[in-house]
Each structure stands twice: as C-alpha cells, then as structure tokens.
Amino acid sequence: MNIFDAHCDVLLKMWLNPSISFKNDKSLHITYEQMIATKSKIQCFAIYIPESVSNIDKFDVALEMIDIFYNQIIAKYDHIKLVKTKKDINTLNRNEIGAMLTLEGCDCIGWSITRLKTLLQLGVSSVGLTWNYGNTVADGILEERGAGLSSFGKEVVRTLNDQKVWTDVSHLSEHGFWDVMALADYPIASHSNCYKLCDHPRNLHNNQIKAMIEKDGMIGVTFVPQFLSVHGHAGIADILLHIEHLCSLGGAKNIGFGSDFDGISTTVRGMGSFKCYMHLIEELHKYYSDELVRSFLYQNFVEHLPE
C-alpha cells in the first residue's frame, strides 16, 4: 500500500552530520532501504534551518541542504525521482519513489521574493511560512506577539498561488493562519494534530480544521507524541483518535500523514521508524475501509496537489 509522508527532517540530520548515509544509517528514522521495504511512494524532505544559524547564513544553509537532497538522495538511488506536481507523480514507474522538496519556515529568504522564487526554481513544492517564532513573513505559534501575515508575507502567499505551490500553515500563529485562509489557494498543514484532543499550541482548533476542510486543504496527522497526547507519550491508538476526530468534522478526504520523522527525539510506541508504518496500516484496517485507508495514506495528498 503506497505511502505519502508530508514531512521529515532527514536533510537536517544529514547537514548536521555529513557522515550519515541515507541508505541505511541507524541514526535515521527514514532510510532508502526502509522506504523500499515499506512501499513508500512519496516522501517530502523539509529544508529546516536551525535557529542557531545566523540570519546572514540561512540562505546559504538552505542551498547546502538542497545540495544534499540532490546529490546524496536523488542522484545516489535510481529508484528515487524528484517530483513536484501531480503529473510527475502519475508518471512514476511502479518501483519508483517520488521525493518532494519542501521549506519549513521562510527565515532564509529574509525580505527577498527573488530568494523565494529561486528556491521554487530549485524544486521546492511546499512552503511553510514560519517555524515556531517570528520572521519577515509572519509570527510562529510560539511568538508571544501573535501577529499575522506582514505585507511581505501576503506577497509571499500570492507568489505561492501564482506558482501553484502549497502554503503550509503548520507552526504558524493563529492570526497568521486566518490570514492564509483568506488569501491562499493551496493551503495545507503538513504536520499538525487536533487541539481538541491534545492542547498543544502546535495543534489545530476545530474552527481551524473546519476552515481547512472548507478550503479543501490537507492536514497531515503527525507522529509527535507531544502533539498526540497530553501525557507526552503516545501509541498508535492516539494517532487513530486524531484521525477519527478529523473524520467527525467532515475531513475524511482531507487527512494524510506528516510523520516528522528525524525531527523528533521521542517516537510513538510502535512507530520508531519508517518501517513501522506497517503497524499503523494494520491498525487502520481494523476500523476503516480499504478505500479510506488508501486515501489517508496516499491518495488524499496526491489529489490535493496543484495541477
């Protein structure tokens, strides 16, 4: 059964430690060998620049991560192909895996639309506007000010609309979220869960979820234990609870997964690495039809890619 995973931080780990091999390094939650064994079909690789990197260096670091993506992942493995659009995905051969490049936070572009367009030309297909804190585009969810999109941020979203690129609201302030809902043509939340079930600030409130559904956006249920359960630890049953809550709000066709593998230090019980998707699939089949399971795992995200 094909898997579309909307968020991982493999590039960050490989940038931090150049000795890591994507093939089978035990320090990675996601590896090439696991993707082949587990029938991964589409994996999104995020460019996330750590807060410790100075502003002047962030764009260079983004380019370094893009270089890792192309030279250490795409070029090294014949079965992995760059994909940016639904058409690209539909032309993959049966045994090929699509790799999408995404941006987690616009800190690296500063005030430059040219830098944003450069990243899009280099293959970025989804843009998260912030990480947890503020930048020139908007405030993140942990920024106390809680501001929405700046004038520049609105220009960024309009550019993403023009380029038919996803605008990712995960990590964005609530004010920023509503600004995006008013402006974006292709909104997603690549890795966010339900605030009603777990009151972590990174999760989406019911009214936000309903707004995403009304805009026909996607929500990637994430495997971050702290976003799944108020106890700070979680099992696969907690993932299912968030899926069921989204379904109860009418979002069955708007649900996907954004694991956040390699961006988390603790994992869900039974979901310690990418190969454990098989455990999740087994549990999903106990409660949902084969058609719905396929939709959650793969088809919903594919159908929501811009043409």
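The values are calculated or read from the model by the stated rules, or taken from the named source; none is laboratory data. A quick note: this is a predicted structure, and the numbers were derived from the prediction, not measured. Every residue, glycine as well, gets a Cβ built from its backbone with ideal geometry; the counts of neighbours run over all protein chains shown. What goes into the accessible areas is simple: the full protein's heavy atoms, side chains included, and nothing from ligands, DNA or RNA. Shrake-Rupley method; radii C 1.70, N 1.55, O 1.52, S 1.80 Å.
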Could you give the length gained on full extension between S265 and R294, defined as 0.36 nm per residue of separation minus the Cα-Cα distance, in nm? 7.6 nm
Using the heavy atoms of the protein chains alone and a 1.4 angstrom probe, what is the accessible area of the chain per residue in square angstrom? 41 Å²
Estimated FRET transfer efficiency (S151, A252; beta-carbon r; R0 41 Å; 0.05): 0.65
With M218 itself left out, Lys, Arg at +1 and Asp, Glu at -1 over residues whose Cβ is under 11 Å from its Cβ give -1
Quantify, in whole percent, the carbon and sulfur part of the accessible surface of the chain (1.4 Å probe; protein heavy atoms only). 48 percent
Less than 25 Å apart at the alpha-carbon level, and either on another chain or at least 8 residues along: which lysines does that give for K196? K210, K215, K253, K286
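Between E144 and K196, take the C-beta separation as r, use R0 = 30 Å, and let me know the FRET efficiency to the nearest 0.05.
Values: r = 24 Å, r/R0 = 0.79.
Working from the Cβ atoms, E equals 0.80.
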In Hz, Karplus ³J(HN,Hα) per residue of segment 212-220 (6.51, -1.76, 1.60; θ = phi - 60°; x = Gly, Pro): 4, 5, 5, 7, 6, x, 10, 10, x
Using +1 at the C-beta of Lys and Arg and -1 at the C-beta of Asp and Glu, which of I264, N132, V53 has the Cα lying farthest in the positive direction of the dipole of the chain? I264
Hey, how many Å between the Cα centroid of segment 186-227 and the Cα centroid of segment 246-307? 13 Å
What figure in square angstrom, to the nearest 10, would you give for the accessible area of W178 with a 1.4 Å probe? 100 Å²
Quote the accessible area belonging to H285 in square angstrom, nearest 10, computed with a 1.4 Å probe and with ligands, DNA and RNA left uncounted. 80 Å²
Relative contact order (%) - the chain, alpha-carbon pairs under 8 angstrom, separation at least six: 19 percent
Among G153, F69, I281 - extreme Cα towards positive end, dipole of the chain, charges at beta-carbon: I281
Would you tell me the accessible area of R294, worked out with a 1.4 angstrom probe on the heavy atoms of the protein chains, in Å² to the nearest 10? 120 Å²
